[in-house]
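Read through the structure below, which is laid out as structure tokens, and then see the notes.
Read the figures in this text as sums done on the coordinates, not as results from a lab. Treat the numbers as computed from the prediction; the structure is a model and nothing was measured. Heads up, the Cβs are rebuilt from the backbone with ideal geometry, glycines too, and the neighbour counts pull from every protein chain shown.
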């Protein structure tokens with residue numbers, strides 16, 4: 001469990017610099033350059049991710065159940081992760097209406113993904129991993145929206161074509177992951 005916690009602290013900590021240390025981040029970039037910041041950020045993220053994956057995998061070998069899993073929760077989790085995949089795809093497709101309307105679809109997708117996995121899973125490791133990501137996404141979205149208000153960003157309008165691309169790309173990615181990759185990488189078949 002220690003590796004999982006260290007991985008979460010490192011990975012989510014690095015990804016929280018805009019929330020808790022935006023001024024320090026800005027000063028570092030001004031002094032040392034964007035390239036050095038990205039290099040250190042990537043290295044710390046990679047180490048955190050490795051610890052997180054290793055720790056979660058080890059914790060799954062000796063699970064500590066916290067509540068009884070509900071059969072309906074897996075079905076709801078599948079639907080919510082489909083929406084999460086669409087939101088994440090919308091973060092990368094320029095000009096779509098989802099991103100124009102929601103502003104930060106990646107963070108909303110992480111929130112849905114984490115919440116869905118909290119519904120479908122029931123161990124202490126699941127609570128730490130998915131609860132940690134859910135809390136991070138809530139705080140990060142709040143900070144991002146506050147930065148948007150300060151910046152006075154004007155509302156944008158999305159177009160139908162890119163919106164359809166985002167929805168189809170997200171749904172296809174979800175199908176591939178849910179039907180094949182989830183069991184290959186995670187060892188759990190969602191269906």
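So what does log10 I(q)/I(0) come out to for segment 75-137 at q = 0.12, 0.14, 0.21 Å⁻¹, using the Debye formula with one equal point on every Cα and no solvent?
Treating every Cα as an identical point scatterer, log10 I(q)/I(0) equals -0.30, -0.40, -0.76.
Which values, in whole Å and largest first, are the semi-axes of the equivalent ellipsoid of segment 86-191 obtained as the square root of 5 times each eigenvalue of the Cα gyration tensor?
Three semi-axes, in Å: 28, 20, 7.
For residue 143, project a label point 7 Å along Cα to C-beta. Then give me every residue of segment 1-39 with its amide nitrogen under 16 Å of that point.
8-29, 38
Direction-averaged shadow area of the convex hull around the Cα atoms of segment 136-191, nm²?
If I average the Cα hull's projected area over directions, I get 6.0 nm².
Would you work out the relative contact order for segment 1-62, in percent, from Cα pairs under 8 angstrom that are 6 or more residues apart? Provide the component values of the computation, followed by the final result.
Values: 55 pairs, mean separation 40.4, N = 62.
Once normalised by length, the contact order is 65 percent.
How long is the gain from residue 50 to residue 20 if the chain were fully straight, where each residue apart is worth 0.36 nm and the alpha carbon distance is subtracted?
8.5 nm
Mind checking the log10 I(q)/I(0) for the chain at q = 0.18, 0.19 Å⁻¹? Debye, one equal scatterer per Cα, no solvent, two decimals.
Ignoring solvent entirely, the Cα scatterers give -1.37, -1.43.
Contour minus end-to-end for residue 43 and residue 153, with contour as 0.36 nm per residue of separation and end-to-end as the Cα-Cα distance? Walk me through the intermediate numbers first.
Working: separation 110, 0.36 × 110 = 39.60 nm, distance 3.18 nm.
Length gained between residue 43 and residue 153: 36.4 nm.
Given axes a ≥ b ≥ c from the Cα gyration tensor, I'd like to know whether segment 1-62 is rounded (a/c under 1.5), prolate (a/b larger than b/c) or oblate.
prolate
Per DSSP H run of n ≥ 4, the term is -39500 (n - 2.57); total these for the chain, divide by its residue number, and report the mean residue ellipticity at 222 nm rounded to 500 deg cm²/dmol. Mind showing how you got there, number by number?
Working: 10 runs with 150 residues, N = 191.
Calculated at 222 nm, the ellipticity per residue is -25500 deg cm²/dmol.
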